[in-house]
Every structure is written in C-alpha cells, then in structure tokens.
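Here is the structure we will look at, set down as structure tokens.
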Amino acid sequence: MATMPASASDLLKSFKLKTKQQELLIRVSILCLVYILAFITRLFSVLRYESMIHEFDPYFNYRTTLYLTENGFYDFWNWFDYESWYPLGRIVGGTLYPGLMVTAVLIYRILRFLRFAVHIREVCVLTAPFFASNTTLVAYFFGKEIWDSGAGLVAAILIAVCPGYISRSVAGSYDNEGVAIFALLFTFYVFVKAVNTGSLAWSLASAFGYFYMVSAWGGYVFIINLIPLYVLVLLITGRYSMRLYVAYNCMYILGMLLAMQIRFVGFQHVQSGEHMAAMGVFFLMQVFYFLDWVKHMLSDTKLFQAFLRITVTSAVAVGGIALGLGMVSGYISPWTGRFYSLLDPTYAKDHIPIIASVSEHQPTAWSSFMFDFHILLFLFPAGLYFCFKRLSDATIFIVMYGLTSMYFAGVMVRLILVATPAVCLISAIAVSTTVKNLTVLLRSKNKVVQTGSTKGSGGSKSSSKALLDQSQPFQKNGAIALLFGAFYLLSRYATHCTWVTSEAYSSPSIVLAARGAHGNRVIFDDYREAYFWLRQNTPQDAKVMSWWDYGYQITAMGNRTVIVDNNTWNNTHIATVGRAMSSYEDEAIEIIRSLDVDYVLVVFGGVTGYSSDDINKFLWMVRIGGGVFPVIKEPDYLVNGEYRVDKGAAPKMLNCLMYKLCYYRFGEMMTEYGKPPGYDRARGVEIGNKDVKLEHLEEAFTTSNWIVRIYRVKPANNRW
Amino acid sequence: MEAPIRAREALGFILFSLLFSICRSSSLNHLLISNAERRIDLSSHIVKVYLTLKVENAGSTPTSEVFLSFPPTQVDHLATVEALVTKGKRKKTTLVRLDVKPTELPDAPNDAKYFAIYLENPLKSGESTTLEVLYLLTHSQEPFPAEIAQSESQLVYYRDSALILSPYHIKQQTTFIKTPSTKVESFTRVEPSNRAGTEIKYGPYEDHPPYSFSPILIHFENNSPFAVVEELVREVEISHWGNLQVTEQYTLVHAGARHKGVFSRVDFQSRPTLNGASSLRYLLARLPPRVHSVYYRDEIGNISSSHLRTDSRKSELEIEPRYPLFGGWKATFVIGYGLPLQDFLFETSDDRRYLNFTFGCPLLETVVDKLTIKVVLPEGSKDPSAVVPFPVEQHLETKYSYLDVVGRTVVVMEKKNLVPTHNSHFQVYYTFKPIFMLAEPLMLASAFFLFFVACVAYLHIDLSIRK
C-alpha cells in the first residue's frame, strides 16, 4: 500500500511533457486553431446570404465543373461550347486553366467515395476556404524556412485573416485565385527549401507545385519570372552555389515540360516573350557552371579572365541574336497586352480599352492598400529591415517577392492578392523578431536581477554591463510598453479583418442587400429572377445579347446562349455588341438580326439606385465599340466631356439603344417621393427622354425591382 | 352579354337512342333513376361535379351494383370518383362511403367508360336509394382565346352534356352550373335553360332514355390561376434519430391561356387587378404542424420570397415563385422541411413499424399531373410494403446517402392526375432493428480513432528517427 503513491507520482511524471514536447503541442494546437479560423472566417458569406457561387467568373468555373462531373475528364478536355460567343463558340478545354475544376471534382469524388452525399455546388463553394486553410499551413512552413518557427506561426495567423487574401477566397468565390495562391506559395516555399538544401526531391516538388499553379491560374507567369530574377540576383551577388544550380535546373526543365501539358499554355511556354527570362537564366546558369568548371581546371587567373571575357561576350551575343531572330521570325511571340500593362500602367488605358474597363484592373488606391493590409503596411518595411539584417538565400527571396509583388499590387487592384502572402510573411518576421527581442530582454533582465541579488555587489563587472544594469528599469518598462503596443496593434488588425470580411468581402454581388427605411434588411434578388425566367420561359436555343459582364451568369444560371461573355477573347465581337448598344434602334436592329439575337438583356439601377448598371458602364461600350468601328464616336455621347442622361444629354445618347432599353416606360414610374416621375435614383437626375418608343424590340420581362430588363426581338416585318 | 350560341357547334340536340343488347348484364335493365340532380362547380380550374341520384330498382332481382358512365374524353381527365350514401332517417343521417371501381361493360356505346358503385346492401326490387357522387375533372377548361395579352382576362370553354350520360333511364334531371363570375360570353341553350347570376340551369328534363347526350359549350371568364404541377417528386426520408425529412421537387406551370406579347412591369405594378388578372402570384402550401427547417429554393439558389405561419394544428407556407407566372410560364422549385418523427412513425403490435403520411401535394388548388413519392427507409430495414387507399404503381429502389454502405431501401409510388382530394394518408410498413442506428456513429468513431492512432504512430516513428 505504501508504494502506491510513489508509483502513481512516477506515472504522473512520465505523463508530464518535456519542454520540447510542450512547445510542439502548443505549436500544433495553434496551427490547428489557425487552420480552423482561416476556414470559418470565410463563411460569413454563407451565413449572411446562402451557400452560393459569387460574382461573375466563378459562375463559369461552376458551369465547367458541373460539366466535368457529368461528362468526365476527356469530354471536358475536348469541350466545344456552343452556348457562348455565338456564333463563334468557344473551345473551352483549350482556353481555360483546369486546375480549379479538377481539384473540386477530385474533392467531390473523394467525399462521394467516403459516402458523404454532398452536392458539387457545396464543394465548389467551400473550395476556396479549404485552400485558404491549407495556405496558412504553407505560410507556417515557409516562415519557418526563411526565419524561424515563431515567424512561421505569426505568418500563418496573419495570412489566415488578411483581407487582401480573404477578398478572393470567401466561401462561394469559386475562382482560380482561390487555389492558385496556395499553389503559388507552395511552389515558392518548396523552391526556397530546394535552394537551401540543394535537394533534388524538393526541387522536384517545386516543379510539381509549379505545374499545379500553371494548371490553376494565369498568374503562374509571375513565378516563372520571379524565380529567374531571384536566381539572377543570387548570381550577381555572388551567391551562386551547386544547390542553386540543382534547384533551378530541375525546377525549370521539369516545370516547363509539365506546364506544356496544359493545353492553354502549350508551346507558349517556350515561345512567348513572357517566358523568355526563365530560359535565358537557364542558359546563363549553364554558362556559369561551365565557367566554374573552367576556372577549376585553369590555374592561371589571367588566362581565365580572358576566357571569361570571351565567353560572356559570345554568350550574350548568341543569346541576343537568338532572341532577335526569334522575334523577327515570329517564333517568339511578343508580350501580351496584359503583361505590357503590368510593366507600363498607362499602356492599357491608351491601347486596350477592354482591359482598362475591368474594375479590378485599375491602379490601386492608397485606401485599398490600407483596407487590405492594415498594420501590415507598416510592418512590411520593418520586416524588410530585419531581412536585410540577416541576409540569406531565403530572405533574399522573400525580399524580392515582397518588393516585386508590391509593385504589381500598385499597378492593378487584383494583384494585391499576389502580394498578400509576401507582405504577411515579411510582417510576420517583423512581429516575431520584435516580440522575441522584447521578451528576451524581459527574461534576461530577470535573471540578471536574480543573480545580482544572490551574489550581491561583490562581483566585478565590465563598465558596459554596469551601464546596461543601470538602464534596466527603463528598458524593462519600455519593453513591456512596446509589447503591449504590439499586442494592441495586432488585436486592432484582427478586429479590422473581421469587420472587413463581414462587411465588404462577403457579398455575392448576385444578391444585393440594402437597408430598408425601418432598418430592416431588403434583398434584391433580381438577377436570379431574370436568369431563372430566361431558363424557364424562353426557347431552349434562344440567343441572348447583353454586355459581356453578364455572359457567364446567363449561361450558367439562365442556361441560354450568349453572344459575348467574360472571357474577353474576341475584342471585335464585344465591340460589335458595344456598337449595337450605342447605335440608334434601326441601325442596331441590323446588327442584332445579323447576330441572330432573340433577346436583349440590360441591367438598370435607376429604380433601386444600384450604381454598377449598364448606363454607368456605357462609356466602355462606346469606347470599345468605337475602338473597332470608327462609326461610333465618343464625343457624340458627351456633353462637356461628361456622360449625362438628363435633359442636357447629347441627342445621340438620348436615342441610342442602351438608353432606350434602360428607360423604356421609366418616365411613368415614380421612384422617389417628392421627385418627378422618371427620376433616376442611381444618377440622381430626372431622365431627359421620357417618351421612349421601341420599334423592333418589345419588353419581354422586367424584374420586380427593374434591375434586369429583357427585351424580345420582334420578327422582321413582312415586305408586303 | 348573354348570347346563346345555337349555331357555333351546330350539333343541336343529339340523342343517342341506343340499341340495347339483350345479353347486357341484368342490373342495367331494371334499374332506373327517378331523379337526378347535378351541380357542376367551375369556379376554379378543377371542375367539381356533385351528382345526386335517386336509384330505383324496377326489376325483379336485387342488385348491388350501380354503374356510372362517362364519355371517353372525360375519363382521361377524371381525377377521382367518390360515392356516398345517406343512412338513417331525418336528422340522424350519416354519410357512408361506398366502393367505386372502374369496370368494363361489353358493348359500351361510343367507347363510354364505366365506374361501378358497390352498394352495401343489395337494392331489392321496388326499393330506392339516394347516392351522392362526387367526381373531379382536371384539364377540362380549355382557354379560348388560347393566347391573351397581359391586360386581357382569361376566357375558357367548358364542354359537357346537358343531359347526364347514364346507362339508365332517367325520369327527371336538372343540371346547375356555377361559373366563377357573372361574365359569361355564351352558353348553349337546351330548353328549358336559363341563367341567373353565376348560375346556369339546365332542365328539368323529363324521361330520357339511357345514353342520352346533348353537348353544351359554355364560354365564360375564369381568372383563377391554372396552377398545374406537371411533375412532383416527394422524397420522405426516415431517420430513426428523430427526424423525417421531406423534399419536394416541383415543376409548376400556369396551364391557362398562354401569355402573348409584352410583359410590362409598370402596368403589372401600378394596376395589378387589370393587368395580369389570371397570373399566378403566390401559392399556399399546407404543411403538417411542428414543421421545422423549411427551405424553398431552386437550381440556382434560395428564393427569398416565402412566409411560414405555424400554429399548433397546421403550418402554412406561402411561397411566391421568382416571377409571377403568366399563362404558359414555368417555374421549378424545391421545398424541403423536417418533421418530428414521433408524429408520423408508429409501431404495430407485431413489432413492425409504419410510416403514416399524406399522399398528395400540399399546395392548395393545384392539379398534379404526375406524382412520385419516394419513401427512403433507414439503412438496414427489411420487408417494406405500402398501403395506399387508391391504385398506384410501386417499385423499390436503393439510395445512398451520408455514410451508407449497403444503401437505403426506397419505396417508390407513382400516380398520375391528382387533385387535392387525394391528400389522404398512406402507410409504409417495414421492420427495422434499432441496433442499425449505431452503425454510422460507430463507423465515424472508429475512423477518427484510426486517424489518431495513425497520428500517434507517426509521431513515435518521427521521434525515433530524431534520436
């Protein structure tokens, strides 16, 4: 009996964790919590609205995913879609990045195999949050690789709630970016790991990560340019090593071969201008290796210098000539407009209105940086400072990633997304190092005080130590204050992120919510009302003409053929629609008949005050239409350089098709108390042409809040 | 207004003075109807006909079968036939339901179809009894004009006979036809006939031989929405954990006059009574009490325009389709709800369980062209059998739901042409051992257990490598 307590305490002792195990436990539980947090913070949209696909492009992705589940991979790969770009059609299999759909279907199949009877829509809705959770794990490992596990943890926490990332990965935002950011960060992490270790296995993994990225998003171009740039910087700074050689060559060659398997990329990977940097650096690496070998063989430095000069000159000359020949012969295609507009932000504005018309291609405003990054914006430079203080191959990489992506984020709003992981990682380094330094300061002082008190003042110490001892109280207080400051900032960050997620980034934009007069929530579900009407009550083969923004939604929800959609591959076709919309009705009807259109759909916010409607987008229809058809002249629609819809509007504006379709019988409508009939609430004016007569079109359907209006094209009159 | 058409269907008075073959079953010969009254209610798109027949046995042998006959065009639209007999005297009368079955008779003139009413006690010679017959017709009002514009009201034709089609001699008969409004464009006159308010009276007619027929055509306004569910699939899933999940998939169509031309929202919003009078704006579904987690959605997501009112006896779900349904417009949607299991699942004395649930469609005043009920029994249940008060097609299926290994047995019942009177109860009997309820939780628990074991194993292996 007496021995029992002893053995019990032994047992307890054996259960007690060692410090290392404790640390592991805490780390794993933090990671698990972050993983869950990253997922559930993205579910605001489901709670506020419903489990649905958001916005525009996700509807195309959802439609293709449905096709993939129903018809299998080979049919999907060879899918020619008759329902869009009528009468041209679209080779879907060859013009999309299939990574997202394949991933979703794979998850769906696995769940089905495990007997979870989920619908593919639920899988699609939750794909982005799931990958966001995975991204936090990658961020942890990446942070651990470039700094330490503390920085990794902080990075995971920061990226889990960072609004810049959440904006594209809430539940329902079933877009390429959702999985691509995971793939991007994973590729970078594995590549850095490969550079650090020189391991063939890791560089193989990075090649596969790159392959996944290529299959998922067009943003892979960023990887294939950033990595060569990084290698080049390492070469210039004299950090060339065998590790780098192995990592880059394996990644480039295998990654290239794998990327070429994606039909949409194919031979572009070796032929297009955007990919040439990677190839150039690859050859440069070989030259470097060769020179290294020659240097090793030649003992004479003078001879080597001469040899170096000749080799470098000839290599550069050969490269230049090859590039020039390729360009001239057309073997190497020039850069695309989108790539140009990245390097020169004013390019698209002047040359390609269709790129400039997309709101997410606009240059970023300061406010949206602040909105998306919050305190990270201030932590980022601090993190850069720490990185420069402890330069290594890995920190050079993260610095370059951060700086280049920040530049791109400034050029285009949507590229904030690409910069987010880098900003989070670098900020995490700043936070982690600061907190670590402060806590070390606090702890070490305690020890000193303790030792001081035990040993008394008998010990002989150096003057510097004495000085340090003297400044202890201030330092300690300062450190505590700073720590509290840091935690205050971080808590502000967390609140900000939650607020932004719930208020700004969780709207599906299909369903609009507003506050009613009594503070109640009013739902405008007009888009789906119209699309469902199209789906149920028009002939199966009806063709619907609308501005390209709504193309994907009409095909996915309305299940009808559209003339143009969000895949803006054919500028002329879009310009034709723009021209029809901005012509007089009798001119437009010619175009409409020639395109075999049965229904015309416009989006109109005059009744509800919904501002992103077709009248506000009208300037782009005119510009894009006018870009191809010089008949359309923008000044015809302008009064003093302004688009107006009231009495002072240009006569052409008041009589063009778009105006007529939007304001047909709107003049009889009382929209707001105390305002004349025909008062447009979106623009706050009384419309200028209240007596709109339609000759060749008739109203087929208008939704309950007038947001979507659909017109039927009347059959041509008999000649007799 | 009252323009009796004599010439439109210039058929006049057609009398099927029909040949009686001697070999016809004897019951036909000696029964006669001394008085018949028919009331046809046309106020909604479901035609309700109440027939009061005073049947007399003029023959010598007692008989227990009374035949009703219908023209073949009506039989196709005939949803249900019920017969009742009054019992008792004066104030203590009770109505007793009688069996009605479709039958065939040899030598039916012009493909007339028959239903036999089986009397409880054979009618002896010289005796008489009063039968109350109710039958409902669907798709029997033909819109004319077939296409109307938004501001027009819906006019329909109703065709029938002024004389009751019967295999028996009818001594005296009267027909009353009730129209939904006073607006009647025209009706066929068969003297004596007259119209007062919303009622048209045909008769009384005296002494008409068997199979007398006199076609009439009534053209009147009927703005009640013609809500027809072309297909309804109801899935009732039983979970022994206490929930009954019902999912109903509707394909709704407005079967009235087709909408033609423009749909103007301005007119529809500002003058709703004049514009789109016949449009279908909302539907009312009557659900069982204690309903919970109700949803209303379609292929592209939730439909936010619905209201649920619950009290202790019933729940009412008012649903609006995404858009008002005009003639010919369609809408598909799904309604789902959960119900407490103890209200619907019972045990028999021999340890079997049975589900007691309503058969028809919960929407009021709708016709269902095709109804499929799927009762998904829990995994592991055996010997299913269904008891339905009317003939249905039945078969079994297997369904895989969450964590199912062998699949769930599904009892599928199909019936065509349903009206709200079909909302009677049916039963599905099956045997089920409660131990099967634990299968899925155990599976999940063991999966998690294995996962943790794997983690522990991995960690230990990991540590051993580090050392």
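Read through the list (1) touching a residue at least 40 places away in the same chain (Cβ under 8 Å); (2) surrounded by fewer than 24 Cβ atoms within 10 Å (Cβ to Cβ), then give the number of the only condition that residue A:170 fails. Here residue A:170 meets the rest and fails (2).
Tell me, please, whether a residue that is in a loop (DSSP other than H, G, I, E, B), more than 14 Å from chain B (Cβ to nearest Cβ) and within 20 Å of residue A:697 (Cβ to Cβ) can be found in region A:551-565. Lay out the reasoning, then the answer.
Applying the first criterion (in a loop (DSSP other than H, G, I, E, B)) to region A:551-565 yields A:559-560, A:563-565.
With more than 14 Å from chain B (Cβ to nearest Cβ) added as a condition, the list becomes A:563-565.
So of that shortlist, the ones also within 20 Å of residue A:697 (Cβ to Cβ) come out as A:563-564.
Within region A:551-565 (the criterion being in a loop (DSSP other than H, G, I, E, B), more than 14 Å from chain B (Cβ to nearest Cβ) and within 20 Å of residue A:697 (Cβ to Cβ)), the answer is yes, since at least one residue qualifies.
One residue stands out in region A:681-702 among those that are among the acidic types (Asp, Glu) and more than 10 Å from chain B (Cβ to nearest Cβ): the one that is farthest from residue A:657 (Cα to Cα), namely A:686. Scanning for something in contact (Cβ under 8 Å) with a residue 60 or more places away in the chain and not in a strand (DSSP E or B), does region B:402-417 turn up at least one residue? So far as region B:402-417 goes, no, none of its residues is in contact (Cβ under 8 Å) with a residue 60 or more places away in the chain and not in a strand (DSSP E or B). Being of a type in the set (Gly, Ala, Ser), surrounded by fewer than 21 Cβ atoms within 10 Å (Cβ to Cβ) and free of Cβ contacts under 8 Å to residues at least 12 places away in the same chain is true of residue A:517.
For residue A:536, the criteria (1) more than 30 Å from residue A:81 (Cα to Cα); (2) without any contact (Cβ under 8 Å) to a residue 24 or more places away in the chain hold in every case but one, which is (1). For residue B:398, the requirement of being part of a strand (DSSP E or B) and within 14 Å of chain A (Cβ to nearest Cβ) is met. Residues in region A:530-543 that are within 7 Å of chain B (Cβ to nearest Cβ) and either crowded, with 23+ Cβ neighbours inside 10 Å or β-branched (Val, Ile, Thr) (or both): A:531, A:532, A:533. Listed conditions (1) among the small types (Gly, Ala, Ser); (2) assigned to a loop (DSSP other than H, G, I, E, B); (3) without any contact (Cβ under 8 Å) to a residue 60 or more places away in the chain are all met by residue B:203, apart from (2).
Mind checking which residues of region B:125-149 are touching a His at 6+ places or on another chain (Cβ under 7 Å), crowded, with 16+ Cβ neighbours inside 10 Å and of a type outside the set (A, V, I, L, M)? Those that are touching a His at 6+ places or on another chain (Cβ under 7 Å), crowded, with 16+ Cβ neighbours inside 10 Å and of a type outside the set (A, V, I, L, M): B:138, B:139, B:140, B:141. Scanning region A:487-507 for residues that are part of a loop (DSSP other than H, G, I, E, B) and in contact with a Pro (Cβ under 9 Å, 6 or more places away or on another chain) yields A:504, A:505.
Yes or no: region B:120-135 includes at least one residue that is at pLDDT below 85, within 30 Å of residue B:218 (Cα to Cα) and more than 25 Å from the chain's Cα centre (by Cα). Scanning region B:120-135 turns up no residue that is at pLDDT below 85, within 30 Å of residue B:218 (Cα to Cα) and more than 25 Å from the chain's Cα centre (by Cα).
For region B:252-273, filtering for residues that are buried (at least 16 other Cβ atoms within 10 Å of the Cβ), among the β-branched types (Val, Ile, Thr) and either away from every other protein chain (no Cβ under 11 Å) or closer than 26 Å to residue B:142 by Cβ (or both) leaves 2.
Can you pull out the residues in region A:93-120 that are aliphatic (A, V, I, L, M) and surrounded by 21 or more Cβ atoms within 10 Å (Cβ to Cβ)? Residues satisfying the conditions are A:96, A:100, A:101, A:104, A:105.
Taking the conditions (1) of a type outside the set (D, E, K, R); (2) away from chain B (no Cβ under 14 Å); (3) surrounded by 21 or more Cβ atoms within 10 Å (Cβ to Cβ) in turn, residue A:58 satisfies each one other than (2). Of the residues that make up region B:338-358, is at least one in a strand (DSSP E or B) and either within 18 Å of residue B:303 (Cβ to Cβ) or within 14 Å of another protein chain (Cβ to nearest Cβ) (or both)? No, because not a single residue in region B:338-358 is in a strand (DSSP E or B) and either within 18 Å of residue B:303 (Cβ to Cβ) or within 14 Å of another protein chain (Cβ to nearest Cβ) (or both).
The set of residues from region A:509-529 being more than 9 Å from chain B (Cβ to nearest Cβ) and either part of a loop (DSSP other than H, G, I, E, B) or modelled with pLDDT of 95 or more (or both) comprises A:509, A:516, A:517, A:518, A:519, A:520. Could you tell me which residue of region B:312-336 is nearest to the other protein chains (Cβ to nearest Cβ), considering only residues that are buried (at least 19 other Cβ atoms within 10 Å of the Cβ) and either among the polar types (S, T, N, Q) or in contact with a His (Cβ under 7 Å, 6 or more places away or on another chain) (or both)? Among them, the one singled out is B:329. Examine region A:582-590 for a residue that is in a loop (DSSP other than H, G, I, E, B), over 30 Å from the mean Cα position of the chain (by Cα) and away from every other protein chain (no Cβ under 14 Å), and state whether such a residue exists. Yes; the residues of region A:582-590 include at least one that is in a loop (DSSP other than H, G, I, E, B), over 30 Å from the mean Cα position of the chain (by Cα) and away from every other protein chain (no Cβ under 14 Å). When residue A:395 is tested against (1) in a helix (DSSP H, G or I); (2) within 15 Å of the chain's Cα centre (by Cα); (3) β-branched (Val, Ile, Thr), just one condition goes unmet, and that condition is (2).
In this structure, is residue A:544 touching a helix residue (DSSP H, G or I) at 6+ places or on another chain (Cβ under 7 Å) and in a loop (DSSP other than H, G, I, E, B)? Judged against the criteria, residue A:544 is not a match. From the list A:506, A:582, pick out the single residue that is surrounded by 18 or more Cβ atoms within 10 Å (Cβ to Cβ), touching a residue at least 24 places away in the same chain (Cβ under 8 Å) and farther than 27 Å from residue A:62 by Cβ. One residue alone meets the criteria, A:582.
Close Cβ contacts (under 6 Å, 6 or more residues apart or on different chains) running from residues in region B:311-336 that are farther than 22 Å from residue A:527 by Cα to residues that are of a type in the set (Ser, Thr, Tyr) and in a strand (DSSP E or B) comprise B:336/B:247; B:336/B:295. Screening region A:668-680 for residues that are within 10 Å of chain B (Cβ to nearest Cβ) and without any contact (Cβ under 8 Å) to a residue 60 or more places away in the chain and picking the one that is nearest to residue B:263 (Cα to Cα) gives A:668. Residues in region B:359-407 that are closer than 21 Å to residue B:341 by Cα and polar (S, T, N, Q): B:381, B:385, B:401.
Checking every residue in region A:84-92 against the condition of being within 14 Å of another protein chain (Cβ to nearest Cβ) and touching a helix residue (DSSP H, G or I) at 6+ places or on another chain (Cβ under 7 Å) gives zero matches.
Among the residues that make up region A:69-77, is at least one of them crowded, with 21+ Cβ neighbours inside 10 Å and β-branched (Val, Ile, Thr)?
no
Filtered by the rule that a residue be more than 9 Å from chain A (Cβ to nearest Cβ) and not small (Gly, Ala, Ser), region B:293-311 gives B:294, B:295, B:296, B:307, B:308, B:309, B:310, B:311.
In region A:236-255, the residues that are in contact (Cβ under 8 Å) with a residue 60 or more places away in the chain form Cβ pairs under 6 Å with partners that are of a type in the set (S, T, N, Q), at six or more places apart or across chains, as follows: A:251/A:203; A:251/A:206.
The values are calculated or read from the model by the stated rules, or taken from the named source; none is laboratory data. This one's a predicted model, so the numbers in the text were calculated from it and none came from an experiment. We place every Cβ from the backbone using ideal geometry, glycine too, and count neighbours over all the protein chains shown.
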